[in-house]
Each structure stands twice: as structure tokens, then as C-alpha cells.
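These notes are about the structure you will find just below.
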Amino acid sequence: MTTEKPHPSRAKIKESVDKATLRVTIASTLVAVLAAAAALWSGYEAHKARVDDERPFLAVDVKPKPPEEFIPAAPTLHTEIVAYGKSPARKLQINCVTFLHNSSEDVPWHTPNNFVKLTFPFLLPARSIAIGCPLRKDDRKDLYPNFIEMGIVQYEDDQQTHYTTPFCFNFIVTNNGPEQIRECLDSRGLPDLR
């Protein structure tokens with residue numbers, strides 16, 4: 001005699017199918033939510049990259065003054081603020097100073113209010129502005145061949161996001177003009193590039 005296994009009732013089969021359908025629906029919804037979140041994140045990153053690509057960027061270029069502008073025993077740098085990027089920089093504010101560099105005193109950047117302050121309403125892309133960072137008053141009477149020029153350029157974009165470009169250059173003056181121009185080896189307390 002064979003014994004037959006009881007068949008599950010229709011209600012149990014339906015319950016089993018409903019549970020499986022619910023699991024698939026939950027899993028599908030979760031995958032769709034994760035895909036939407038990934039798409040939103042990707043869109044945000046693309047937007048941020050576009051904004052960064054189109055933002056103004058200002059750099060500070062320093063080169064020797066031409067021989068006809070050379071003044072003995074004075075800083076002989078020609079300093080320019082150069083605009084890179086694809087949009088104009090607005091509300092430029094430049095604080096800078098040139099000072100004698102010797103081992104007995106290093107001027108840090110903690111007192112920018114004592115330095116010259118220049119302002120410009122805007123600077124268009126691929127344009128530049130020549131600036132003069134004056135010799136610190138205490139150093140005008142001394143003749144010393146080693147100078148530091150440092151400062152910050154602050155500006156904003158069309159959305160009023162603020163940016164800062166610090167700069168610091170060390171240069172040695174000879175009777176014929178600057179012999180060496182190089183970036184400072186330390187930050188001297190200048191703010192970070194932003």
C-alpha cells in the first residue's frame with residue numbers, strides 16, 4: 001500500500017506566492033531607489049565639475065622688470081594678477097607687501113591690515129592686472145639684496161562664492177636686476193588656496 005502525500009492547500013500555495021512576490025517587489029523597489037540615488041549623485045558631481053571648470057581662477061605671475069624700469073637697490077619685480085578660467089573674477093581685493101628678508105626678522109602674514117590694499121571691480125578671463133606691492137616703510141632706508149613679496153588675492157564668482165590665491169616670492173637683487181626669483185619655501189601664515 002502506498003501512502004499519498006497530502007497536497008498543500010490552495011491557500012498555502014497562494015500565501016507562498018504572495019510572500020515571494022512581496023520579496024521581489026521590495027528588492028525591485030530597493031534597486032530602483034539605489035539607482036535613483038546614484039543618478040542624483042552623478043548629476044550633482046557633474047554639476048560640481050562644470051561649476052569648477054567654469055569658475056574664475058586667479059594666479060600671480062612675477063617676472064623681472066624690463067631694464068628701462070630698473071631702479072638700483074629697489075625691488076625690481078613686475079607682479080601681475082592673471083585670470084584663468086571661463087568666467088570673470090569679481091570684487092578683487094589684493095593685500096600685499098614687499099620687505100627685506102634677513103635672518104633676524106621674518107614678517108609673517110598675521111597682520112595684513114598693515115599692508116597695501118588694492119581693489120578692482122572685475123577681471124575678465126585671459127586678462128591681467130599689474131600691481132605694485134610697496135616696500136614696507138621700515139625697509140625703505142636699508143639696502144639689502146634679498147626681498148620677499150607676499151600677499152593674497154581675494155575674489156568671487158557670479159554666484160558670490162569666495163576664493164583666495166595666496167602668493168609669496170623670494171628674490172635677490174643685483175645691480176642689473178633680480179638674479180633669482182623663486183616661490184617661498186614656507187607658507188608664512190598665508191591662507192590656503194581656495
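The values are calculated or read from the model by the stated rules, or taken from the named source; none is laboratory data. Because the structure is predicted, anything quoted here is derived from the model rather than measured. When we count neighbours, we look across all protein chains shown, and the Cβ atoms used for this are built from the backbone with ideal geometry, even at glycine.
For the condition modelled with pLDDT of 90 or more and not hydroxyl-bearing (Ser, Thr, Tyr), what is the one hit in PRO145, PRO178, PRO166? Walk me through it before giving the result.
Values: PRO145 fails: modelled with pLDDT of 90 or more; PRO178 fails: modelled with pLDDT of 90 or more.
Just a single option satisfies the conditions, and that option is PRO166.
Please tell me if LYS65 is of a type in the set (Lys, Arg), modelled with pLDDT under 90, surrounded by 11 or more Cβ atoms within 10 Å (Cβ to Cβ) and touching a helix residue (DSSP H, G or I) at 6+ places or on another chain (Cβ under 8 Å). Write out each step before concluding.
Working: of a type in the set (Lys, Arg): yes; modelled with pLDDT under 90: yes; surrounded by 11 or more Cβ atoms within 10 Å (Cβ to Cβ): yes; touching a helix residue (DSSP H, G or I) at 6+ places or on another chain (Cβ under 8 Å): no.
Judged against the criteria, LYS65 is not a match.
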**Prompt:** Scanning for something among the hydrophobic types (A, V, I, L, M, F, W, C), in a strand (DSSP E or B), over 23 Å from ASP186 (Cβ atoms) and at pLDDT 90 or above, does the range 47-57 turn up at least one residue?
**Reply:** yes
**Asked** Looking only at the range 148-163, which residues are out of contact with any Leu (no Cβ under 7 Å at 6 or more places or on another chain) and either more than 11 Å from PHE99 (Cα to Cα) or at pLDDT 95 or above (or both)?
**Response** GLY151, GLN154, GLU156, ASP157, ASP158, GLN159, GLN160, THR161, HIS162, TYR163
**Message:** For the range 68-81, give me the residue count where each residue is out of contact with any strand residue (DSSP E or B) (no Cβ under 8 Å at 6 or more places or on another chain) and either modelled with pLDDT of 75 or more or closer than 15 Å to MET150 by Cβ (or both).
**Reply:** 0
